[in-house]
1. When only residues in the range 175-197 that are farther than 16 Å from HIS89 by Cα and part of a strand (DSSP E or B) count, which is farthest from the chain's Cα centre (by Cα)?
2. For ALA118, state whether it is in contact (Cβ under 8 Å) with a residue 12 or more places away in the chain and hydrophobic (A, V, I, L, M, F, W, C).
3. Looking only at residues that are of a type in the set (Asp, Glu) and under 12 Å from GLY117 (Cβ atoms) in the range 179-201, which one is surrounded by the most Cβ atoms within 10 Å (Cβ to Cβ)?
4. Could you check the range 107-116 and list, in sequence order, the residues that are more than 15 Å from the chain's Cα centre (by Cα) and either buried (at least 17 other Cβ atoms within 10 Å of the Cβ) or over 10 Å from GLU194 (Cα atoms) (or both)?
5. Return the pairs, sorted by first residue and then second, in which the second residue is of a type in the set (Ser, Thr, Tyr), the first residue lies in the range 169-198 and is without any contact (Cβ under 8 Å) to a residue 40 or more places away in the chain, the beta carbons are less than 9 Å apart, and the residues are 6+ apart or on different chains.
6. Restricting the range 90-115 to residues that are touching a residue at least 24 places away in the same chain (Cβ under 8 Å) and of a type in the set (Phe, Trp, Tyr), which is nearest to SER155 (Cα to Cα)?
7. From ARG104, ARG123, which residue is more than 19 Å from GLY198 (Cα to Cα) and in contact with a His (Cβ under 9 Å, 6 or more places away or on another chain)?
8. Looking at (1) on the phi < 0 side of the Ramachandran plot; (2) buried (at least 19 other Cβ atoms within 10 Å of the Cβ); (3) part of a loop (DSSP other than H, G, I, E, B), find the lone condition where GLY149 falls short.
Amino acid sequence: MKKVFFEALLVAVAGAAFAFAANALSSRGLALTRNYFPGNSRPALPSNGSAVHPGTTNASQSSAVAVTEHLHKQGLQVVDGNEALQLFHDPGFEQGSIIFIDARSDAEHYRKGHIPGAYQFDRIHPENSLAVVLPACQAAQKIVVYCDGGDCEESEFAALSLRNEMKVPGEKLFVYTGGINEWNQRGSPVEQGERKSGQIHSTTK
């Protein structure tokens, strides 16, 4: 029995050593000393991820207010769906002084539909996009970071990563709490494929 136990222990140790070595050698390996979840756990938004709008229930309003307060405590500014759309139509968007960053880590979701012109930023593997995203952030005056909305916290984590690790000034950063789900529900245009692909589609309400 002891022999079986020690053999199992040896296999487990060897497997762990192999896994750590593979992680260290892989270009997509995780940095084990890095904090990938820099924010504290936040209250959940309603399922549609929307901020406070007329006609929403008190529970939805309270949840949205709680999320906004949480983000403010993290030192992050917030925009709602109306403000995000205004920024999208602002002349500064075409000039690059206003940019949107899609914080969803799944590249396939990004290609299926993102806010037109939005940069994809995978905070887990920033080396894949930082060469493009960081210069855009440095040139911009306003940076709107979004993910799915609702319970998705990737926009918060990405904004904190840009501010704390990439030294992007916090006053530039805004989190769009409604995210791509609310954007789609509003019937706003989305871009498919890569950034600036020209494949623009308007969703219907």
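Read the figures in this text as sums done on the coordinates, not as results from a lab. All of these numbers come straight from a predicted model, not from anything done at the bench. Here Cβ is always computed from backbone atoms with ideal geometry, including for glycine, and neighbour counts include all displayed protein chains.
1. By that ranking, first place goes to GLN192.
2. In short, yes.
3. GLU191
4. PRO116, the sole residue that qualifies.
5. GLY187/SER202; GLY187/THR203; GLY187/THR204
6. The selected residue is PHE100.
7. Values: ARG123 fails: in contact with a His (Cβ under 9 Å, 6 or more places away or on another chain).
Selected residue: ARG104, the only one of ARG104, ARG123 that is more than 19 Å from GLY198 (Cα to Cα) and in contact with a His (Cβ under 9 Å, 6 or more places away or on another chain).
8. All conditions are met except number (1).
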